[in-house]
Amino acid sequence: MRTRRLLVLLILLAVLAPAASPRAGAPEAEVRATLRAYIQAMRRGELARLRPHLAGALYEREYRVLFEENAEYARFLRRFYRGARSRLESVTVAPDGTTATAVITIKLRGGGTVPTTVDLAKEPGGAWKITGSSQ
């Protein structure tokens, strides 16, 4: 189950590349920019560029082994996300501006659809980090 959730998060983030709405508030635009940068790196299999977008606890719990011990992971990402499409359904930033949730629907090239919620938190330095996902 943990592997499946990780895979869904990676699919989700690899294919999501929405443009920030001109009417979007600054925090929402920042969240969207974070997701776009992560997705671009995911599609290219650039693990070093993916890492800064993951919260430390999430990285340690679910990604460290994939990133550091799986030599084929970058190649897998490039192949797996080819042809997938996504739709950003919503981005909701908490009133205090410290957390956000993005709801995304992924359509895999094989036809499966995966709705996923991605949670993010704003660190003290101002960067948004992905803290988890759920289906």
- [ ] State yes or no: is Gly97 assigned to a strand (DSSP E or B) and either surrounded by 11 or more Cβ atoms within 10 Å (Cβ to Cβ) or in contact with a helix residue (DSSP H, G or I) (Cβ under 7 Å, 6 or more places away or on another chain) (or both)?
- [x] no
Task: Residue that is farthest from Arg44 (Cα to Cα) [pool: residues in region 88-115 that are in contact with a Leu (Cβ under 8 Å, 6 or more places away or on another chain) and in contact (Cβ under 8 Å) with a residue 40 or more places away in the chain] - done: Ala100
Open item on the list: I'd like to check something: does region 100-114 contain any residue that is within 14 Å of Gly132 (Cα to Cα), part of a loop (DSSP other than H, G, I, E, B) and at pLDDT 95 or above?
Closed with: no
Task: Failed condition for Glu62, given (1) part of a strand (DSSP E or B); (2) surrounded by 15 or more Cβ atoms within 10 Å (Cβ to Cβ) - done: (1)
TODO: Could you check how many residues of region 38-59 are surrounded by fewer than 17 Cβ atoms within 10 Å (Cβ to Cβ) and assigned to a helix (DSSP H, G or I)?
DONE: 8
- [ ] Could you list, in sequence order, all residues of region 28-63 that are among the small types (Gly, Ala, Ser) and in contact with a Ser or Thr (Cβ under 7 Å, 6 or more places away or on another chain)?
- [x] Ala55
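Which one of Val31, Val118 is buried (at least 20 other Cβ atoms within 10 Å of the Cβ), among the β-branched types (Val, Ile, Thr), out of contact with any helix residue (DSSP H, G or I) (no Cβ under 9 Å at 6 or more places or on another chain) and in contact (Cβ under 8 Å) with a residue 24 or more places away in the chain? Give the steps one after another, and end with the answer.
On the way: Val118 fails: out of contact with any helix residue (DSSP H, G or I) (no Cβ under 9 Å at 6 or more places or on another chain).
That would be Val31, the only listed residue that is buried (at least 20 other Cβ atoms within 10 Å of the Cβ), among the β-branched types (Val, Ile, Thr), out of contact with any helix residue (DSSP H, G or I) (no Cβ under 9 Å at 6 or more places or on another chain) and in contact (Cβ under 8 Å) with a residue 24 or more places away in the chain.
Is region 81-94 home to any residue that is out of contact with any Asp or Glu (no Cβ under 6 Å at 6 or more places or on another chain), within 21 Å of Lys122 (Cα to Cα) and assigned to a loop (DSSP other than H, G, I, E, B)?
First, pick out the residues of region 81-94 that are out of contact with any Asp or Glu (no Cβ under 6 Å at 6 or more places or on another chain): 81-90, 92, 94.
So of that shortlist, the ones also within 21 Å of Lys122 (Cα to Cα) come out as 88-90, 92, 94.
Filter again for assigned to a loop (DSSP other than H, G, I, E, B), leaving 94.
Checked region 81-94: at least one residue is out of contact with any Asp or Glu (no Cβ under 6 Å at 6 or more places or on another chain), within 21 Å of Lys122 (Cα to Cα) and assigned to a loop (DSSP other than H, G, I, E, B).
The values are calculated or read from the model by the stated rules, or taken from the named source; none is laboratory data. No experiment lies behind these values; they were computed from the predicted model shown. Methodologically, a virtual Cβ is constructed for each residue, glycine included, from the backbone with ideal geometry; neighbour enumeration extends over all protein chains shown.
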